[in-house]
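K.L.:
One structure, as structure tokens, below. Some questions next.
The values are calculated or read from the model by the stated rules, or taken from the named source; none is laboratory data. The shown structure was predicted, so the numbers you read here are calculated from the model rather than taken from an experiment. With ideal geometry, Cβ positions are generated from the backbone for all residues, glycine too; neighbour counts draw on all protein chains shown.
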Amino acid sequence: MTDSSSSAVDKLDTDENNSNESESSPSPPSYAVFEDEHGNLVNPALNVIWPMRPRRGRYSLKEYREQKQRFQKHSEQQRQNKKYDFKSRKQSKGQLEVSHSHATEQTKDSSSSSIYMPIKMPLMLAYMSSSGKIYNFGFKRHEFGSESFWQLDLSGIEDREQPLFRSMSALIQYYKSLVIDRGDGKTEIFPVD
């Protein structure tokens, strides 16, 4: 296959006497272009303008330049965010290692006078009303035999007892499906405001 293609090229390069000397040399193009004030390349002899862009709209040069600037800003912001995320990961990893080693040292040394007490944060449900106020509701855990049940504590806003649920996901699904119409077109999940 390569022999036939190379012989075809050789035949094109040879002259009448079968000599391989080629008298052709690279020549410059036979036309010239100039740039006008709008950034188009113009050849007045051939009456050609490239690119033919509209002055306004999606394909105009102005829109193209604005889109290019937006893309450059967006890519620069992404690069900055990646640098920030990488630094914050390093910092948080270092903080975790330090706090872990500190806690391990305290538990190993039983003769020290400091008392190691684990931090206990209460589990809360955060809710923002339609007026923009934020409420935090606590949970009650009830033990019946070997099973535990969860209940939302609305004692600050409603007196009636709330239902019990076997899992937190069931509790959340229940309150997501419950909507209270306030009468003024706004709805709430909890009886607040």
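K.L.:
Which residue is modelled with the highest pLDDT, if the candidates are limited to the range 47-61 and must be over 28 Å from TYR31 (Cα atoms) and among the charged types (D, E, K, R)?
P.N.:
Per the criteria, the residue is ARG56.
K.L.:
Identify all residues within the range 55-64 that are exposed (fewer than 11 other Cβ atoms within 10 Å of the Cβ) and within 26 Å of PHE34 (Cβ to Cβ); write none if there are none.
P.N.:
Within the range 55-64, ARG55, ARG56, GLY57 meet the criteria.
K.L.:
Further question on the same structure: Considering only residues that are of a type in the set (Asp, Glu) and either touching a Leu at 6+ places or on another chain (Cβ under 7 Å) or closer than 15 Å to TYR127 by Cβ (or both), which ones fall in the range 177-192?
P.N.:
GLU188
K.L.:
Let me ask something else. Suppose we filter the range 168-193 for residues that are among the β-branched types (Val, Ile, Thr) and closer than 21 Å to GLU147 by Cβ; how many remain?
P.N.:
1
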